[in-house]
Amino acid sequence: MQVPAPFEYRRAESVDQALDLMTRLGSTARLVAGGHSLLPMMKLRLAVFDYLIDINDLHGELGYIVVGPETVRIGALTRHRELLESAELAAAFPIFADAERVIADPVVRNRGTLGGSLCQADPSEDLSAVCTTLNASCVIRAPGGTRTVSMEDFHRGPYETAVGDGEILTEIRIPVRERGSSAYEKVERRAGDWAVTSAGAALWLNPDGTIADARVGLAAVGPNTTGIPAISQALRGRQPSEDAWQEAAALASRHCDPATDQRGSADYKRHLAGELTRRTLRRCAQRIEG
Amino acid sequence: MTTTAHRVEPENNDHKPLGHGRMLRKEDPRFVRGRGRYVDDVQLPGMLHLAILRSPVAHARIVSIDVTAAQASPGVRAVVTGEALGEQGLAWMPTLSGDVQAVLATDKVRFQGQEVAFVVADDRYAARDALELIDVEYDMLDPVIDARTALAPEAPVIRDDLDGKSDNHCFDWETGDAEATERVFAAADVVVSQDIVYPRVHPAPMETCGAVADFDPVEGKLRLWSTTQAPHAHRTLYAMVAGLPEHKIQVISPDIGGGFGNKVPIYPGYVCAIVGSIVTGKPVKWMEDRSENLISTGFARDYVMRGEIAATRDGKILAIRTNVLADHGAFNGTAAPVKYPAGFFGVFTGSYDLQAAYCKMTAVYTNKAPGGVAYACSFRITEAVYLVERIVDCLAYRLEMDPAQLRLKNLLRPEQFPYTTRTGWVYDSGNYEPTMRLAMEIAGYEELRREQAEKRERGELMGIGIAFFTEAVGAGPRKDMDILGLGMADGCELRVHPTGKAVVRLSVQTQGQGHETTFAQIVAEEIGIPPDDIDVLHGDTDNTPFGLGTYGSRSTPVSGAAAALVARKVRDKARIIASGMLEVSVADLEWRKGAFHVKGDPGRSVTIQDVAMRAHGAGDLPDGIEGGLEAQICYNPSNLTYPHGAYICVVDVDPGTAQVKVRRFIAVDDCGTRINPMIIEGQVHGGLTDGVGMALMEMIAFDPDGNCLGASLMDYLIPTALEVPDWETGFTVTPSPHHPIGAKGVGESATVGSPPAIVNAVVDALKPFGVSHADMPLTPSRVWDAMRGAARPPI
Ligand SMILES: Cc1cc2nc3c(=O)[nH]c(=O)nc-3n(C[C@H](O)[C@H](O)[C@H](O)COP(=O)(O)OP(=O)(O)OC[C@H]3O[C@@H](n4cnc5c(N)ncnc54)[C@H](O)[C@@H]3O)c2cc1C
């Protein structure tokens, strides 16, 4: 049994109270949501914190999926499993169900949260790629008020985000656009493993059937929070076609910076970035066609 | 010799055979209810907890160790270093291969994860926290990580603890006839050679290793609950190492959560727990965590091989030759019979009729965890079978022959048994072709090849892989085989109680193999008492006869034979008592499972239960017969048993992502007489799953500094249900001629046979790219490399 270093534990009763505790305790404290990233690190003693503030009782306040006509709002404490099982969310953004099917395993998905995933900012983490693909923004609450940042501003690098000490990520907002769809694909060495490489794609068409916009979010191949504007530029105005996907694939391969590790070589991951971009864009087009 | 062939159809398991047959496992009610009792479930009054400080680096001199802060930490009862152990002469212990291994490092650390000091404290948390307070100063040394460079003159010497040691050479070993083999190779039409790596893997049992030591200073008795596959052998070794009298040591191996060879060696942690209990006067528990298990305990494989095969142009295999570089880590902890430093690798000649064979092996020390034989390998047969089955496929590729036809052409024929191989192994029985044909029939082999051809036309990648293996299990005849001087025989004791219920005591120890069921069935078959009325006791040295334990698929071949023979001994006595009860001569009795009948008057009979009551009851017994109904024996096998099997694997490879999907797997096993077919299938299913792990994902990798890159189950992948297909199994039955019930072992067959079938299938799928070999693990990235003509060894 791996055992963490000593720490103190509080269960927050409201977001305000959690913020208050965080402000007082500063960087010695951490929020615990699903705990599936934080607790393993503490047990391996890669991370040591004096205080844990458990926000799981705030599921009523922070766990929700609201699909509106212009925006989808998802609470930070929404569990993987809820993202996987929401029919409304799948109708608006099928990419979520695609991704959630291949994130971890049911045990992790029952507890792990959207907010915890984004705040952990693991370089292989999948939901950041999903949020990037969908051009999501993140609502961060501090004692003094609330601010909203883009994924580009949110994600500062591996394990680093815009959420400061004493702040909480409360919500993800995703703009809804017409005639669009989305998809996600991941290559893993084994079910439940982190991605060798993943790609998410979103595609929107004009009424005449040409491409209005396209975004691609990659995981495990270096920082990737822009949606790759070059792909959008290259595809806008064109007909959906294998040629178009091929060009997007080449751009995706170019716009990443993978490293060789046990999961695979940098060359292979670069290849996958392209291959999976092609596959997900193709699927988006098929989904729009219905 | 008769062989029968069967395809396994789903059946109802829930009936109660009076002997061999399908029945649910007697041990499962407690496991499925969560009522198993493992080492970590042992709680003793006043028990303390032990944690081990391990080396963060692969090779360094220890300059100093400061334990003052740790000693002062709350709840800490003792902090012990190698120096303190050295004062008691306990800093080093013998390994199972006659090398020595540090219990706690004194001079140097030689692998990352090596034991450096331990803390005993009131609870696990206090013990673990105190480890952080031990201050060790290391003087870093260059590590030796790549076995290929271990013998370079400039390589740092790892084992400078050994007198006069000036290099990293561990041992040399050879088998077969070098000259005869050279002659055959020189004259052969075709010679194919291939470098083949079997990377280091880990058994990774669900339950990690651990112990609870309870030394009673008044009685002078040590009770040790430990995760061991060989409680009796361990007891004797503790007696030899620690100088405790053997009768004052009780080793108890309770329920074990998977062994796979990982729990054969004695680990420093067990010794630390014993010392901890002696020092504190309290029971001490040590349970390693997952990372400790993966980085420090017995690994497997790590063979860098060159295989060569010589054949005629039309595919008659003539000879096989191999050169092996074996990485044994920092201490030679291999568990193998003394005369077999490379285990049973000598069966690399496989299932074929050869003219010559030769193997030369060099083993080296490196700065990696010790171990060597573990993980369901039947003493290195996994490596041997992988080598021969891979190289035979390389030959098929070169000759452009169908690999099934090539094998059929070369398999040993039934009239050749008993067959002495070119390396001196005597295969007891075998009838290989029906096994192979059945596998091909279940697979629909011809149809699969047609499908493959069509798919290739369309650019799809489908592969069909075959492996045919012969195993050598049931170590072993005591004239040849011992471990540290202990002969590899097994005892068995059977007592029939007055009411006709029985208890059978084994010297082997189950870790999931179902002994409590199988051994009850073996006895039931012989003596006619229902298996549910027979209790099987094992794993407690005070309450079971001596024997060498469970590994290398030896339980049924050795201990199973003992169980059958002890039951026959009891039955012989029962027959005499029955003759008295029925007032006829022994010769006039006929045994039908469960009762003695008077020949010609079958209405007159007594059941075994009647006899049991008489044996313990009032009234006279026949002359010279003592009361009671029990017996004990020790069984020394005259030979190993040689199970075999034919495996066929079908894979699909995604041409875009290089991901491998195992679509089908057909396993036809022949393990002789089948005692409980359901348990056999379970063993086969588990072993096949192991094989998928090794072939596709498992590897204990190291970085150039010697950091272990497989220190958690996030990094060291083991397969899940999603990576494996529905297994399709079948069987043939070729009994062993020398085993009392004709049974052979089967525990490791599937682990041995499946990796080459899977790798052969993937390589076959990649044939359109001109690929004839790729090393495990065949992760998507490595398969993609192979598709691009850039296949690399994993180390
Ligand atoms: C075996 C396993 C496999 C996995 N596989 C994958 C995978 O394939 N893909 C993948 O993407 N992920 C994977 N994960 C990670 C999993 O999805 C985690 O649950 C997730 O990354 C973290 O979510 P959590 O709610 O558990 O966060 P926690 O572990 O509770 O927290 C993580 C970090 O985020 C902070 N935090 C949490 N919530 C907030 C908030 N609202 N505001 C501010 N900070 C917050 C915490 O303080 C902590 O620093 C895997 C995990 C495991 C254990």
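Before moving on, here are some points about what is shown:
- When A:R156 is tested against the conditions (1) part of a loop (DSSP other than H, G, I, E, B); (2) surrounded by fewer than 17 Cβ atoms within 10 Å (Cβ to Cβ), the lone failure is (1).
- Condition broken by A:A129, with the remaining ones in (1) open to solvent by 20 Å² or more (accessible area, probe 1.4 Å); (2) within 10 Å of the ligand (Cβ to nearest atom); (3) touching a residue at least 40 places away in the same chain (Cβ under 8 Å) satisfied: (1)
- Look at (1) buried (at least 23 other Cβ atoms within 10 Å of the Cβ); (2) within 8 Å of the ligand (Cβ to nearest atom) and you find that A:S124 fails only one, number (1).
- Per the listing B:L90, B:L48, B:L53, B:L96, the residue uniquely open to solvent by less than 10 Å² (accessible area, probe 1.4 Å) and among the hydrophobic types (A, V, I, L, M, F, W, C) is B:L48.
- Hey, A:E70 among the acidic types (D, E), open to solvent by 50 Å² or more (accessible area, probe 1.4 Å), touching a residue at least 40 places away in the same chain (Cβ under 8 Å) and within 13 Å of the ligand (Cβ to nearest atom) or not: no
- Taking strands (runs of 3 or more DSSP E) as the structural unit, those lying wholly within segment B:565-681 and holding at least 2 residues that are in contact with a Leu (Cβ under 9 Å, 6 or more places away or on another chain) and within 14 Å of chain A (Cβ to nearest Cβ) correspond to B:660-670.
- Residues in segment A:240-250 that are open to solvent by less than 50 Å² (accessible area, probe 1.4 Å) and within 13 Å of chain B (Cβ to nearest Cβ) were compared, and the one that is farthest from B:R788 (Cα to Cα) is A:W245.
- Only listed residue being more than 31 Å from the chain's Cα centre (by Cα) and of a type in the set (A, V, I, L, M), chosen from B:V190, B:V197: B:V190
- Among the residues of segment B:716-740, those identified as under 21 Å from the mean Cα position of the chain (by Cα) and within 14 Å of chain A (Cβ to nearest Cβ) are B:Y716, B:L717, B:I718, B:P719, B:T720.
- Meets criteria (among the aromatic types (F, W, Y) and either open to solvent by less than 10 Å² (accessible area, probe 1.4 Å) or within 17 Å of A:D122 (Cα to Cα) (or both)) for A:W204: no
- Qualifying residue in segment B:140-150 (condition: within 14 Å of another protein chain (Cβ to nearest Cβ) and either among the aliphatic types (A, V, I, L, M) or touching an Asp or Glu at 6+ places or on another chain (Cβ under 9 Å) (or both)): no
- Among the residues of segment A:51-66, those identified as without any contact (Cβ under 8 Å) to a residue 40 or more places away in the chain and either more than 18 Å from the chain's Cα centre (by Cα) or open to solvent by 50 Å² or more (accessible area, probe 1.4 Å) (or both) are A:H59, A:G60, A:Y64, A:V66.
- Boolean, A:V216 is of a type in the set (V, I, T), more than 14 Å from the ligand (Cβ to nearest atom) and modelled with pLDDT of 95 or more: yes
- Selection status of A:T225, modelled with pLDDT under 95 and either of a type in the set (V, I, T) or more than 16 Å from the ligand (Cβ to nearest atom) (or both): yes
- Unique residue being closer than 24 Å to A:H59 by Cα, open to solvent by 20 Å² or more (accessible area, probe 1.4 Å) and either more than 11 Å from the ligand (Cβ to nearest atom) or within 14 Å of chain B (Cβ to nearest Cβ) (or both) when the list is A:G164, A:G144: A:G144
- For segment B:639-664, a tally of residues being open to solvent by 10 Å² or more (accessible area, probe 1.4 Å) and in contact with a His (Cβ under 8 Å, 6 or more places away or on another chain) returns 1.
- Residue match in segment A:27-41 (condition: assigned by TED's automatic domain parsing to the domain that holds A:E167, out of contact with any strand residue (DSSP E or B) (no Cβ under 8 Å at 6 or more places or on another chain) and within 13 Å of the ligand (Cβ to nearest atom)): no
- Matching entry among A:A191, A:A195, A:A104 (being near the ligand (Cβ under 10 Å from one of its atoms), in contact (Cβ under 8 Å) with a residue 24 or more places away in the chain and either assigned to a helix (DSSP H, G or I) or on the phi > 0 side of the Ramachandran plot (or both)): A:A104
- Residue that is farthest from the other protein chains (Cβ to nearest Cβ), among those in segment A:1-29 that are open to solvent by 40 Å² or more (accessible area, probe 1.4 Å) and β-branched (V, I, T): A:T23
- Qualifying residue in segment A:171-188 (condition: open to solvent by 30 Å² or more (accessible area, probe 1.4 Å), near the ligand (Cβ under 10 Å from one of its atoms) and at pLDDT 95 or above): yes
- Single unsatisfied condition, A:S150 versus (1) within 15 Å of the ligand (Cβ to nearest atom); (2) in the same structural domain as A:D122 (by TED's automatic domain parsing); (3) open to solvent by 30 Å² or more (accessible area, probe 1.4 Å): (1)
- Residues of segment B:682-696 that turn out to be surrounded by fewer than 23 Cβ atoms within 10 Å (Cβ to Cβ) and within 13 Å of chain A (Cβ to nearest Cβ), as a count: 1
- Of all residues in segment A:30-50 being away from chain B (no Cβ under 13 Å) and more than 21 Å from B:R128 (Cα to Cα), the one that is surrounded by the most Cβ atoms within 10 Å (Cβ to Cβ): A:A33
- Count of residues meeting criterion [outside any loop (DSSP other than H, G, I, E, B), at pLDDT 95 or above and away from chain B (no Cβ under 14 Å)] in segment A:251-290: 7
- Among the conditions (1) in contact with a Pro (Cβ under 6 Å, 6 or more places away or on another chain); (2) of a type in the set (A, V, I, L, M); (3) modelled with pLDDT under 95, B:L90 misses just one, which is (1).
- Of all residues in segment A:198-208 being more than 9 Å from the ligand (Cβ to nearest atom) and outside any loop (DSSP other than H, G, I, E, B), the one that is farthest from the chain's Cα centre (by Cα): A:L205
- Scanning segment B:743-771 for residues that are surrounded by fewer than 19 Cβ atoms within 10 Å (Cβ to Cβ) and outside any helix (DSSP H, G or I) yields one hit, B:G770.
Per-residue answers, yes or no, for (1) open to solvent by less than 10 Å² (accessible area, probe 1.4 Å); (2) within 14 Å of another protein chain (Cβ to nearest Cβ); (3) over 30 Å from B:S226 (Cβ atoms):
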| site | (1), (2), (3) |
| --- | --- |
| B:D289 | no, yes, no |
| B:R306 | no, no, yes |
| B:Y340 | no, no, no |
| B:F345 | yes, no, no |
| B:Y352 | yes, no, yes |
| B:A356 | yes, no, yes |
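The values are calculated or read from the model by the stated rules, or taken from the named source; none is laboratory data. This is a predicted model, so every value here is computed, not measured. So basically every Cβ, Gly included, is an ideal-geometry build from the backbone, and we count neighbours across all protein chains shown. What goes into the accessible areas is simple: the full protein's heavy atoms, side chains included, and nothing from ligands, DNA or RNA. Shrake-Rupley method; radii C 1.70, N 1.55, O 1.52, S 1.80 Å.
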